[in-house]
Amino acid sequence: MTAELDTDEVAQIIRGVAERIVEPHFRHLDPDQVHEKTHPGDLVTDFDRQAELALSAELVGRGGGLAVGEEAVFADPDVLSGLPDAPLAWVIDPIDGTRNFVNGSDDHAVMVAEVRAGVTVRGWIYQPRHEHMYIAEAGAGTWRDGEKVTRPSSGDPVIAVTTHEAFQQAPQSVSGPRLDWGWSRWCCGVDYPRVLTGDVDATVYLHSHPWDHLSGALMLRELGGVVRTLSGHDLGVKEFHRDPLIVASDEPAYRAVADALIGLGVTVR
């Protein structure tokens with residue numbers, strides 16, 4: 001018989017797995033512990049896999065439900081098909097920013113989202129090296145290290161970040177004065193908190209995998225933010241594979257970035 005896990009209990013599980021499995025190997029990886037997945041630079045370590053198994057076992061074992069982890073879906077894409085209709089699912093990214101982790105960058109995180117009947121109801125982002133835990137509960141706001149997050153108003157111009165070089169090279173007529181581009185940290189578990197706290201106003205992604213986005217999207221929406229594709233679909237529990245995803249602090253920031261992408265010739269396929 002399983003019981004609903006309280007929010008702090010899930011946070012403790014996440015911290016525990018990070019401390020036992022992930023962080024002892026930070027900057028201490030052997031080459032044979034790092035593997036490429038689908039293309040060069042798409043990395044997974046032995047500890048992504050071990051951490052995901054541990055998180056899945058603890059969350060499902062103590063709280064019930066279905067585990068939908070990044071590495072489980074990579075091994076068997078059918079795992080993802082159970083997410084939209086599951087009464088309870090734990091969506092897990094065991095090391096977000098794996099390439100950063102491999103390269104010795106502090107910009108990596110462990111992320112978990114709780115989804116009930118297709119709706120994200122709680123989310124956790126833990127940044128072990130930055131020592132921050134972000135938590136959101138639907139309707140109850142977003143918290144960092146026990147303090148409620150209040151995002152400052154967007155500035156002028158909007159500061160947007162991305163990993164895509166074409167957007168970085170936007171002509172002045174597109175990028176300014178309303179919009180300045182910068183570089184993403186290559187980690188949703190760091191980029192989303194930067195939008196939450198006002199360091200940047202928007203981030204553009206070319207993918208919308210649920211383990212990368214569900215927890216951060218809930219956190220940002222609790223602050224009045226927008227997580228929506230260029231074609232106008234608000235992020236849900238299904239992927240929009242070919243449509244850029246805009247994570248924005250508010251509607252004006254979303255519109256500024258969407259207009260810039262259209263100005264650059266980005267089309268929805």
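The values are calculated or read from the model by the stated rules, or taken from the named source; none is laboratory data. Quick caveat: nothing in here was measured; it's all calculated off a predicted structure. Every residue, glycine as well, gets a Cβ built from its backbone with ideal geometry; the counts of neighbours run over all protein chains shown. Ligands, DNA and RNA are excluded from the accessible area calculation, which covers all protein heavy atoms including side chains. Shrake-Rupley method; radii C 1.70, N 1.55, O 1.52, S 1.80 Å.
Couple of notes before you dig in:
- Criterion: within 19 Å of LEU80 (Cα to Cα) and either surrounded by fewer than 19 Cβ atoms within 10 Å (Cβ to Cβ) or among the hydroxyl-bearing types (Ser, Thr, Tyr) (or both) - qualifying residue of ARG242, ARG255, ARG221: ARG242
- Verdict on ARG228 being surrounded by fewer than 18 Cβ atoms within 10 Å (Cβ to Cβ) and either of a type in the set (D, E, K, R) or in contact (Cβ under 8 Å) with a residue 40 or more places away in the chain (or both): no
- Residue list for segment 234-255, filter: modelled with pLDDT under 90 and out of contact with any helix residue (DSSP H, G or I) (no Cβ under 9 Å at 6 or more places or on another chain): PHE240, HIS241, ARG242, ASP243
- Qualifying residue in segment 89-111 (condition: among the hydrophobic types (A, V, I, L, M, F, W, C), at pLDDT below 95 and over 25 Å from ARG144 (Cβ atoms)): no
- Per this entry, LEU206 is not counted among residues that are at pLDDT below 95 and open to solvent by less than 50 Å² (accessible area, probe 1.4 Å).
- Some residue of segment 40-51 being more than 24 Å from HIS132 (Cα to Cα), small (Gly, Ala, Ser), assigned to a helix (DSSP H, G or I) and in contact with a strand residue (DSSP E or B) (Cβ under 9 Å, 6 or more places away or on another chain): no
- Count of segment 118-150 residues, restricted to those that are closer than 17 Å to PRO87 by Cβ and either in contact with a Gly (Cβ under 8 Å, 6 or more places away or on another chain) or at pLDDT below 95 (or both), is 1.
- Criterion applied to VAL237, VAL257, VAL226, VAL195 was being outside the structural domain of ARG122 (by the TED database) and closer than 25 Å to PRO128 by Cα, and the one residue passing it is VAL195.
- Candidate set: segment 15-40, residues that are among the acidic types (Asp, Glu) and touching a residue at least 12 places away in the same chain (Cβ under 8 Å); chosen: the one surrounded by the fewest Cβ atoms within 10 Å (Cβ to Cβ): GLU19
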